[in-house]
């Protein structure tokens with residue numbers, strides 16, 4: 001197996017890497033990964049693959065990203081490495097051997113009129129069963145499950161074409177019936193799986209410890225990743241802010257339900273580009289938190305934007321901002337819910353949805369004010385334990401969502417993407433930004 005050196009682009013086959021103790025034969029640069037020694041082949045990859053993942057998630061080293069964003073991204077890349085064409089090629093490849101068996105040895109096992117039909121039926125049933133299992137596997141990404149559902153449909157068409165043609169040529173009425181039955185069944189199964197993709201939760205094939213180890217190993221050999229954010233931490237001592245600066249206020253503030261997302265937005269200069277404060281609900285960044293809150297409260301025209309996970313805690317963020325005296329209780333503040341909301345998940349159905357019994361229990365204990373702001377479908381989704389984290393989105397996509405939401409809020413009354421929230425549901429005066437695609 002060949003692997004190009006990320007330093008000089010020289011291709012090194014396995015014997016080259018072995019002879020040179022895992023180093024490039026041309027420039028002596030160490031290789032970080034050796035795919036041939038990995039037991040689980042789903043997790044086997046090369047140095048160029050890993051470099052490409054880093055370049056893509058950082059938009060060619062332009063955007064900061066978190067450890068968890070990297071975990072989500074490399075997990076998806078590893079899951080999506082088997083293309084649709086591979087399944088089809090394998091189907092025809094093994095089909096040749098089945099055909100040879102059916103023509104030469106099957107008559108000695110099965111009655112002559114079924115010598116070809118039975119192997120044909122068994123072979124295709126096995127394929128339908130295998131692809132169907134992949135189409136509903138939680139270890140497959142949603143794109144992978146969708147692709148496998150498509151393959152079921154393609155397989156159905158192939159069975160119909162080959163089965164009906166062969167039956168007519170060799171005058172096998174039983175083969176005609178089998179081909180029609182299996183072909184239509186496979187095609188229908190593909191449609192059915194496409195329609196229920198959103199009902200299937202997803203699990204990681206890579207864990208956080210493994211992902212972090214890969215990052216450490218890579219940086220040991222290739223240098224520090226400048227755009228990889230360190231873990232968000234709270235600074236105990238307050239920072240000193242120039243009195244002239246603190247005398248002013250912000251017109252807008254983004255409040256996140258996690259320190260990591262607040263850190264991510266700040267690192268990518270969202271606060272400078274949009275002239276807004278960025279804080280987390282837990283008080284990040286702690287060193288300037290109290291000062292920034294005082295600055296915000298001085299602005300009677302303040303607009304607040306809630307950015308959160310699609311989770312029980314996340315959907316309650318707006319209510320918390322509205323009712324908590326440490327935030328904006330009893331203040332005439334316009335609050336926008338940027339998402340991500342369950343309704344966006346249900347509308348888009350192209351996200352990394354996870355399930356947790358803890359989340360299900362928390363969802364059942366949501367305050368009435370929050371429950372009334374959700375549809376029955378959203379509540380059912382949450383109470384099933386489903387959740388989606390903002391860090392599952394690529395940095396570029398998440399930044400686009402935030403910037404788009406801020407831009408759309410310029411005139412809420414004339415914007416179809418912003419829905420005024422009624423006081424009766426506990427939010428107070430506020431708006432919900434609804435984007436079906438979430439960027």
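The values are calculated or read from the model by the stated rules, or taken from the named source; none is laboratory data. Owing to the predicted nature of the structure, the values given are computational and were not obtained by experimental measurement. Neighbour counts run over all protein chains shown; Cβ positions are idealised from the backbone, glycine included.
Residue by residue, here is whether (1) under 29 Å from residue 70 (Cβ atoms); (2) loosely packed, with under 15 Cβ neighbours inside 10 Å holds:
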residue: 290; (1), (2): no, yes
residue: 295; (1), (2): no, no
residue: 303; (1), (2): no, no
residue: 317; (1), (2): yes, no
residue: 326; (1), (2): no, yes
residue: 330; (1), (2): no, yes
residue: 348; (1), (2): yes, no
residue: 353; (1), (2): yes, no
residue: 357; (1), (2): yes, yes
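Results for (1) at pLDDT below 90; (2) over 15 Å from residue 308 (Cα atoms); (3) crowded, with 20+ Cβ neighbours inside 10 Å, shown as yes or no for each residue.
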position: 373; (1), (2), (3): yes, yes, yes
position: 407; (1), (2), (3): yes, yes, no
position: 411; (1), (2), (3): yes, yes, no
position: 428; (1), (2), (3): yes, yes, yes
position: 432; (1), (2), (3): yes, no, yes
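Residue 202 satisfies every condition listed in (1) at pLDDT below 90; (2) crowded, with 19+ Cβ neighbours inside 10 Å; (3) assigned to a loop (DSSP other than H, G, I, E, B) except (1). Of all the listed residues (365, 355), the sole one being out of contact with any helix residue (DSSP H, G or I) (no Cβ under 7 Å at 6 or more places or on another chain) and within 20 Å of residue 140 (Cβ to Cβ) is 355. Only a single item in (1) surrounded by 18 or more Cβ atoms within 10 Å (Cβ to Cβ); (2) closer than 16 Å to residue 125 by Cβ is not met by residue 147, and it is number (2).
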